[in-house]
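**Student:** The structure under discussion is supplied below as structure tokens; questions concerning it will follow.
The values are calculated or read from the model by the stated rules, or taken from the named source; none is laboratory data. Bear in mind the structure is a predicted one, so any value in this text is a computation, not a measurement. Cβ placement follows ideal geometry from the backbone for every residue including glycine, while neighbour counts extend to all protein chains displayed. Keep in mind that these areas ignore ligands, DNA and RNA; they rest on the heavy atoms of the full protein, side chains included. Shrake-Rupley method; radii C 1.70, N 1.55, O 1.52, S 1.80 Å.
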Amino acid sequence: MQMKRFEDQTVIVTGGARGIGFAIAERFATEGANLVLGSIEAEVTEAAARLNEGGGSAFGVLCDVTDKSAVQALYAAAVDKFGGVDISVQNAGVITIARIEDLSEAEWDATMAVNTKGAFLCCQEAIARMRAGGKGGRLINIASGQARDGFIFTPHYAASKMGVVGITQSLAKEVALEAITVNAVCPGIIRTDMWAYNDRVWGDMLGHYGPGELMAEWVQNNIPMKRAGEGSDVAGLIAFLASDDASYITGQTINVDGGLIMS
Ligand code: NDP
């Protein structure tokens, strides 16, 4: 029998139109939640429609998470439609790859703006809405294995995701007495558009792990479970952290990576 742990609960997923974010949204929809997806491309509306075809209750909002007023509008739309916000998943993220001599200031700023400032703005708005609702809530920030162990050619991305862990720990302490938990999740190598990008660039251009080595080979050689993850692998952990079973877990950073990083 399908569990409906999130019936009557409202979940916001930024970057929910595709990749890990869409897998998270699908999981919550399957378990009965109302979904609000925020993304920068118009495909977010189609993504919500796909969830509704499966019996969900979802809608999409165009939202650039680097824009405070757009973030406020995203959460306001959720409250208008569903009456509140119970769970907020800060998933929107970007990556680029460059050798240090080629890494531009603009690239640094753009990465920090989406990954770190975007998480901050969404957490800020989510907490305000959860406080107003008076029922507590769950914040889950998508960090990265690079929040544990910086990968080569991505110092900007590693810094941005380590920042996400800092936000998580600080806020977890601030809201601990308000029945709001704040946790972070660190995916390893997950098969999405972002992963495909890495496949091309790390393998062909940078070749650090051997001439022409592709991410598929890297995965075989470095991940104990010898496979890349799927969005659903991440979604299962997110659903657990949002569930009643996780009510005493806060300020934690949890890896979901097939054993890639064990610290
Ligand atoms: P994708 O590139 O497949 O999707 C990224 C999502 O973020 C898209 O929906 C995109 O929106 C959205 N997005 C990007 N910029 C913004 C913005 N400014 N405002 C709102 N939304 C934005 O990536 P993944 O699904 O792989 O990644 C999801 C998260 O997981 C990211 O935070 C990433 O850093 C993290 N992660 C991914 C790993 C992996 O191996 N894939 C590993 C570790 C962490 P749109 O669809 O509108 O373009």
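**Student:** Would you please give the residues with an amide H less than 5 Å from that of Val61, counting only those at least 5 places away or on a separate chain, with H modeled from the backbone geometry?
**Tutor:** The answer is Leu37, Gly38, Ser39.
**Student:** For the chain, which whole percent of the accessible surface, found with a 1.4 angstrom probe, sits on carbon and sulfur atoms?
**Tutor:** Details: 6280 of 11980 Å².
Percent of accessible area from carbon and sulfur atoms in the chain: 52.
**Student:** May I ask you to list the GluC sites (Glu not before Pro) in the stretch 41-141 that are in a DSSP loop and have at most 16 other Cβ atoms within 10 Å of their Cβ? Walk me through the intermediate numbers first.
**Tutor:** Working: sites: Glu41, Glu43, Glu46, Glu53, Glu101, Glu105, Glu107, Glu125; in loops: Glu41.
Filter output for the stretch 41-141: Glu41.
**Student:** Can you give me the solvent accessible area of Phe59 with a 1.4 Å probe, rounded to the nearest 10 Å²?
**Tutor:** Solvent-accessible area, nearest 10 Å²: 50 Å².
**Student:** Provide Thr192, Thr168 ordered by accessible surface of protein heavy atoms (probe 1.4 Å), highest first. Each step should come with its number before you reach the end.
**Tutor:** Working: Thr192 30, Thr168 0 Å².
Ranking Thr192, Thr168 by accessible area, largest first, yields Thr192, Thr168.
**Student:** Using amide H atoms built in the peptide plane, which far-off residues or other-chain residues are under 5 Å from Gly229 H to H?
**Tutor:** Answer set, sorted by chain and number: Ile189, Ile190, Arg191.
**Student:** Each residue of the stretch 252-260 in order: what ³J(HN,Hα) in whole Hz does its phi give by Karplus 6.51 cos²θ - 1.76 cosθ + 1.60, θ = phi - 60°, with x for Gly and Pro?
**Tutor:** Along the stretch 252-260, the couplings run 9, 10, 10, 7, 9, 8, x, x, 4 Hz.
**Student:** Could you do me a favour and compute the accessible area per residue for the chain, 1.4 Å probe, result in Å²? Walk me through the numbers before you get to the answer.
**Tutor:** Numbers: 11980 Å² over 263 residues.
I get 46 Å² per residue for this part.
**Student:** Let me check something: with ligands and nucleic acids excluded, how do Trp218, Trp108 order by accessible area (1.4 Å probe), largest to smallest?
**Tutor:** On the way: Trp218 20, Trp108 100 Å².
Sorted descending by solvent-accessible area, the residues read Trp108, Trp218.
**Student:** What nm value, rounded to one decimal, do you get for the distance between Gln72 and Arg227 when each label is placed 7 Å out toward the C-beta?
**Tutor:** 4.6 nm
**Student:** Same structure, new question: Accessible area, 1.4 Å probe, largest first: how do Asp193, Asp244, Asp233 sort?
**Tutor:** So the residues, ranked largest to smallest area, are Asp244, Asp193, Asp233.
**Student:** Whole-Hz Karplus ³J(HN,Hα) for the stretch 124-132, in order, using 6.51 cos²θ - 1.76 cosθ + 1.60 and θ = phi - 60°, x for Gly and Pro?
**Tutor:** So the J values, rounded to whole Hz, are 4, 5, 4, 5, 4, 5, 5, 4, 5.
**Student:** Given the DSSP H assignment, sum -39500 (n - 2.57) over each helix run of at least 4 residues in the chain and divide by its residue total; what's the result at 222 nm in deg cm²/dmol, nearest 500? Numbers along the way, then the final one.
**Tutor:** Numbers: 9 runs with 110 residues, N = 263.
Computed ellipticity for the chain at 222 nm equals -13000 deg cm²/dmol.
**Student:** Right, another one. Pop out the ³J(HN,Hα) list for the stretch 167-178 in order, Karplus 6.51 cos²θ - 1.76 cosθ + 1.60 with θ = phi - 60°, rounded to Hz; leave Gly and Pro as x.
**Tutor:** Couplings: 4, 4, 5, 5, 5, 4, 5, 5, 10, 4, 8, 10 Hz.
**Student:** Heavy-atom accessible area of Lys4 with all protein chains present, probe 1.4 Å, nearest 10 Å²?
**Tutor:** About 100 Å², ignoring ligands and nucleic acids.
**Student:** Say each of Glu178 and Glu41 gets a label point 7 Å from the Cα, pointing the same way as Cα to Cβ; how far apart are those two points in nm?
**Tutor:** 3.5 nm
**Student:** Hey, another quick one. If R₀ is 30 angstrom, what is the calculated FRET efficiency for the pair Asn52 and Asp245, using the beta carbon separation as r and rounding to 0.05?
**Tutor:** With a Förster radius of 30 Å, E is 0.60.
**Student:** If amide hydrogens are placed 1.01 Å from N in the peptide plane, which non-local residues have theirs closer than 5 Å to the one on Val256?
**Tutor:** Residues meeting the criterion, in which the H sits 1.01 Å from N, are Cys186, Gly188.
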